[in-house]
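First comes the structure, then the notes that go with it.
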Amino acid sequence: MSSFSVAQLSQLLGCQLHGPADLEIHGVSTIEKAGAGEITFLANMKYAPKVKGCQASAIIAAGPIKDFSGATLVSSNPYHDFARALAQFYQAPKPEPGIHPLACIAKTAVIGTNPSIGPFAVVGERVTIGANATLHPHAVIYEGCVIGDDFTAHAHVSVREFCRIGNRVMLQNGVAIGGDGYGFARTNEGRQYKIPQSAITVIEDDVEIQTLTSVDRGALSETRVKRGAKIDSLCQIGHGCIVGEDNIICGQTGLAGSTVLEENVIMAGQTGSSGHITIHKNAIVWAQSGVGHDVPEGAVVSGSPAFDSRVWLRASAGFSKLPDMLSKLRALEKRVAELEGKK
């Protein structure tokens, strides 16, 4: 297990140290659970009272913490530096380099230097994969795909034919890239005719996609996930969608076909969009919202159908009062009717 003095860790993270410098740190934990020899973090100084009683040896925070006996590492971005600190103490196991004899690699495939390809992984014809690729067991790369450097595909990932993937992309277990979009045309007899999904899916650099998420291909227009986007588990990105740079898409989100998300959009958990809309840059869609129209730049929307979150909060606060208001209205209507009857 790695161990650092507070002074060493402060230097590694580029933080300003307040308090004792010689304390040994061997792990990272939460404020509530951290003990001696561990470092924790405080992302927002308004929660500084939570530090009272904290047993951690050190804390990463935006400023010095009063009444804290340990060391404080003052950071301009405590959450980011917490993540960097955690990386000093934990790194996921990396498989040994080489191609396992039970892997199936097509003769026409081109694999870059220093690969690690596990048993029962499959690489199809005319695939090109860059350097330092890691394919865990049962990952499948279909024919004609082009993939950049430092690619990681965990177990049971599928990348369908002719898709394009950039550098430093990580696909967690069970991700499906380039599966057929949901496209059918009704025949004159009322049956469903499958529309060939001939376009591809493109995943740009520095994208990470979590477990059991699907990014579909389209019939004519490519589906594209742009640089730095992060997509959570159990999401569906429909055919022809564009996911913008540095988007955050949380679990159980579904984007219908041809949805466009511009840069820095946040889709919270269990959100959804109808097709052929644009959610403009820096917009936020709150959890369990359904978006059926374009969302302006920087807007924050809630509800289903989604509208301005401030209005939605006021409206939702009134929902619980509706039965009482309805009773009062009926009583007033009855009273008015009685008064009119006496005229």
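The values are calculated or read from the model by the stated rules, or taken from the named source; none is laboratory data. Worth saying up front: this structure is predicted, and the values here are computed from it rather than measured. Cβ placement follows ideal geometry from the backbone for every residue including glycine, while neighbour counts extend to all protein chains displayed.
Test residue 200 against the stated conditions and say whether it is more than 15 Å from residue 285 (Cβ to Cβ) and modelled with pLDDT of 95 or more. The answer is yes for residue 200. Are any residues in the stretch 283-338 modelled with pLDDT under 95, in contact with a Gly (Cβ under 7 Å, 6 or more places away or on another chain) and not in a loop (DSSP other than H, G, I, E, B), and if so, which ones? Across the stretch 283-338, the qualifying residue is only 312. Between 34, 21, 43, 92, the distinction of being part of a loop (DSSP other than H, G, I, E, B), closer than 30 Å to residue 143 by Cα and modelled with pLDDT under 95 belongs to 92 only. Looking only at the stretch 112-122, decide whether some residue is more than 18 Å from residue 159 (Cα to Cα) and either in contact with an Asp or Glu (Cβ under 8 Å, 6 or more places away or on another chain) or not small (Gly, Ala, Ser) (or both). Yes, some residue in the stretch 112-122 is more than 18 Å from residue 159 (Cα to Cα) and either in contact with an Asp or Glu (Cβ under 8 Å, 6 or more places away or on another chain) or not small (Gly, Ala, Ser) (or both). For the stretch 306-326, does any single residue satisfy the condition of being within 15 Å of residue 255 (Cβ to Cβ) and either out of contact with any Phe, Trp or Tyr (no Cβ under 9 Å at 6 or more places or on another chain) or of a type in the set (A, V, I, L, M) (or both)? Yes - at least one qualifying residue is present in the stretch 306-326. The residues of the stretch 48-64 that are of a type in the set (A, V, I, L, M, F, W, C), within 23 Å of residue 3 (Cβ to Cβ) and in a loop (DSSP other than H, G, I, E, B), listed by number, are 54, 56. Can you confirm whether the stretch 152-161 contains a residue that is in contact with a Pro (Cβ under 9 Å, 6 or more places away or on another chain), under 23 Å from residue 113 (Cα atoms) and of a type in the set (A, V, I, L, M, F, W, C)? Scanning the stretch 152-161, I find at least one residue that is in contact with a Pro (Cβ under 9 Å, 6 or more places away or on another chain), under 23 Å from residue 113 (Cα atoms) and of a type in the set (A, V, I, L, M, F, W, C), so the answer is yes. Looking across the stretch 1-24 at every residue that is among the hydroxyl-bearing types (Ser, Thr, Tyr) and in contact (Cβ under 8 Å) with a residue 40 or more places away in the chain, the one that is surrounded by the fewest Cβ atoms within 10 Å (Cβ to Cβ) is identified as 2. Please specify each residue of the stretch 21-36 satisfying the condition of being out of contact with any strand residue (DSSP E or B) (no Cβ under 8 Å at 6 or more places or on another chain) and closer than 17 Å to residue 78 by Cβ. The answer is 32, and nothing else.
Scanning the stretch 139-154 turns up one or more residues that are charged (D, E, K, R) and crowded, with 16+ Cβ neighbours inside 10 Å. Does the stretch 203-224 contain at least one residue that is in a loop (DSSP other than H, G, I, E, B), among the small types (Gly, Ala, Ser) and either without any contact (Cβ under 8 Å) to a residue 24 or more places away in the chain or touching a strand residue (DSSP E or B) at 6+ places or on another chain (Cβ under 8 Å) (or both)? For the stretch 203-224, residues in a loop (DSSP other than H, G, I, E, B), among the small types (Gly, Ala, Ser) and either without any contact (Cβ under 8 Å) to a residue 24 or more places away in the chain or touching a strand residue (DSSP E or B) at 6+ places or on another chain (Cβ under 8 Å) (or both): absent.
For the stretch 206-221, name all the residues that are of a type in the set (Asp, Glu) and either surrounded by fewer than 20 Cβ atoms within 10 Å (Cβ to Cβ) or farther than 25 Å from residue 153 by Cβ (or both). Once the filter is applied, which keeps residues that are of a type in the set (Asp, Glu) and either surrounded by fewer than 20 Cβ atoms within 10 Å (Cβ to Cβ) or farther than 25 Å from residue 153 by Cβ (or both), the stretch 206-221 yields 206, 208.
For residues that are of a type in the set (A, V, I, L, M) and assigned to a loop (DSSP other than H, G, I, E, B), scanning just the stretch 135-185, find the one that is farthest from the chain's Cα centre (by Cα).
Within the stretch 135-185, the subset of a type in the set (A, V, I, L, M) is 135, 139-141, 146-147, 153, 155, 157, 159, 165, 169-171, 175-177, 185.
Those still in the list that are assigned to a loop (DSSP other than H, G, I, E, B) too: 139, 155, 157, 169, 175.
On the way: 139: 21, 155: 19, 157: 17, 169: 13, 175: 13 Å.
Once the filter is applied, the top-ranked residue is 139.
Please indicate, with yes or no, whether at least one residue in the stretch 280-301 is touching a helix residue (DSSP H, G or I) at 6+ places or on another chain (Cβ under 8 Å) and surrounded by 23 or more Cβ atoms within 10 Å (Cβ to Cβ). The answer is yes, given that some residue of the stretch 280-301 is touching a helix residue (DSSP H, G or I) at 6+ places or on another chain (Cβ under 8 Å) and surrounded by 23 or more Cβ atoms within 10 Å (Cβ to Cβ).
Is there a residue being under 13 Å from the mean Cα position of the chain (by Cα), over 20 Å from residue 166 (Cα atoms) and surrounded by fewer than 20 Cβ atoms within 10 Å (Cβ to Cβ) anywhere in the stretch 190-205? Looking for residues that are under 13 Å from the mean Cα position of the chain (by Cα), over 20 Å from residue 166 (Cα atoms) and surrounded by fewer than 20 Cβ atoms within 10 Å (Cβ to Cβ), one finds none in the stretch 190-205, hence no.
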